[in-house]
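The values are calculated or read from the model by the stated rules, or taken from the named source; none is laboratory data. Computed from a predicted model, the values in this text were never measured in an experiment. Virtual Cβ from ideal backbone geometry, glycine too; neighbours counted across all protein chains shown. Accessible surface areas use protein heavy atoms only, side chains included; no ligands, DNA or RNA. Shrake-Rupley method; radii C 1.70, N 1.55, O 1.52, S 1.80 Å.
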Amino acid sequence: MEAARKISVVINTYNAEKHLKAVLASVKDFDEVLICDMESTDTTLEIARQEGCRIVTFPKNGVSIVEPARQFAIEQASFEWVLVVDADEIVPADLRNYLYRRIQEAGCPDGIAIPRKNYFMGRFMHSCYPDYILRFFRKAVTHWPPVIHTSPVVEGRVECIPRNHKELAFEHLANDSVADILRKNNTYSDYEVPRRRHKHYGIGALIGKPLFRFFKSYVLKRGFLDGIPGLIHAALDGMYQFTIVAKLMEERKAKLMEERKK
C-alpha cells in the first residue's frame, strides 16, 4: 500500500493510564500509532512504549494547550491520512475497515465525521448520540484552531458516517460521574466566557438558555429514553448553560462597578 493510502493514528495524552491499554489495543492494526504526550507523571509513557507507539512530547500548560498540542501531533504524523483518537475512545474494527476502504475510493472525501457512543451512570445515552466528531482527514488540507473545544478545519469535502451505523461509532469509555461533569462544566464555562463576551445576555437568557438546553437534551434528543440518567444528564446540560450566562453577567457587573469607582 502506498504511503498516501496509509493511516496514522494520533493520540494526545496526559496521565491517561486508566484506559490507554484498551485504546491502544483497538488501534494496533493501523499503520502508525503516534502518542503526543503532555508531560504525564503516571504510567502513560511506559504503556505507550510497551505497545511500540511512536512518542513525541508537547509541554503541558493547562487546558488551553490541548488544541495546540493536537495541531502539533497532527504535523508529526507520518502519513497523509490521520485519525485522531482520545485516550478514552475505542476504535471498533468495523470503523478501521471502513476507513481503509474509503481511502482507496476515488471519491473519498477530505474529512469524515465519526459518531460516538457516550455513557453516563453506566448507560448508553440516546441524548448524546450521534455526537459527531471530525477526527479523520487528510493532513495536508487540515488545521486545528488553538481554541478549546473546537473542531479541525478541513479545506475540502467532509462527510458524516450515517448515524444508523452504530457499529462504526467510537466507544467513549469516560462514563463521567456527576462530580466529573460538574467539575468539567465549571472549567469549560470559564473558557466559554471570553468566546461569548460580545453577547449581552440578560434575565431572559439566564432562564431561557438553560431551559432550552434541558428541553433539547431531554425531549428533542430523546433523553427521556435514558430513564433517570437521561433526566439527570439533561439537567446538567441546562446547568452548564446557566453557569456560562451567570459568569458573563457577573463579569459585566464587576466591570460596571469598576467604572463607577473611577
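Things worth noting here:
- Fraction of alpha-carbon pairs over 22 Å apart in the range 22-100 - percent: 23
- Qualifying aspartates and glutamates (Cα of each under 18 Å from Cα of LYS216; at least 8 residues distant if same chain): ASP131, ASP226, ASP237
- Cut-off 14 Å between beta-carbons: net charge of the residues surrounding PHE212, Lys and Arg +1, Asp and Glu -1: +3
- Accessible carbon and sulfur surface of the range 129-253 relative to its total accessible area, %, 1.4 Å: 61
- Rolling a 1.4 Å probe over the protein heavy atoms of the range 16-56, with every protein chain left in place, gives an accessible area that is 45 percent carbon and sulfur.
- Heavy atoms of SER78 accessible to a 1.4 Å probe, total area in Å² rounded to 10: 70
- On Cα atoms only, tilt of 203-215 relative to the major axis of the chain in degrees: 40
- With R₀ set to 30 Å, the beta-carbon distance separating ARG5 from ASP94 gives a calculated FRET efficiency near 0.95.
- Most to least accessible of THR57, THR41, THR243 (protein chains only, probe 1.4 Å): THR41, THR57, THR243
- Entries of LYS60/LYS139; LYS21/LYS184; LYS28/LYS184; LYS28/LYS60 with Cα pairs more than 28 Å apart: LYS28/LYS184
- Between ARG260 and LEU225, the contour length at 0.36 nm per residue exceeds the Cα-Cα span by 7.5 nm.
- Over all Cα atoms in the range 109-157, the spread is summed up by Rg and Dmax: 13.4, 40 Å.
- log₁₀ of I(q)/I(0) at q = 0.17, 0.19, 0.24, 0.30 Å⁻¹ - the range 59-104, Debye sum with one point per alpha carbon: -0.66, -0.77, -0.99, -1.14
- Degrees between helix 17-27 axis and first principal axis of the chain (Cα, 0 to 90, nearest 10): 50
- Take the Kirkwood radius over Cα pairs of the chain, plug it into Stokes-Einstein at 4 °C and 1.567 mPa s, and you get 64 µm²/s for translational diffusion.
- ALA106 paired with GLU51, simple spin-label distance in nm, labels 7 Å along Cα-to-beta-carbon: 3.8
- In units of the compact-protein estimate 2.2 N^0.38 Å, the range 211-260 shows a Cα radius of gyration of 1.59.
- Axis of helix 227-261 versus longest Cα principal axis of the chain: the two differ by about 60°, to the nearest ten degrees.
- Remark: the range 83-206 carries 47 Å² of accessible area per residue (probe radius 1.4 Å; ligands, DNA and RNA excluded).
- Its residue count N sets the reference 2.2 N^0.38 Å, and the alpha-carbon radius of gyration of the range 1-149 equals 1.03 times that reference.
- Environment charge at ALA234 (Cβ cut-off 12 Å; Lys +1, Arg +1, Asp -1, Glu -1): +2
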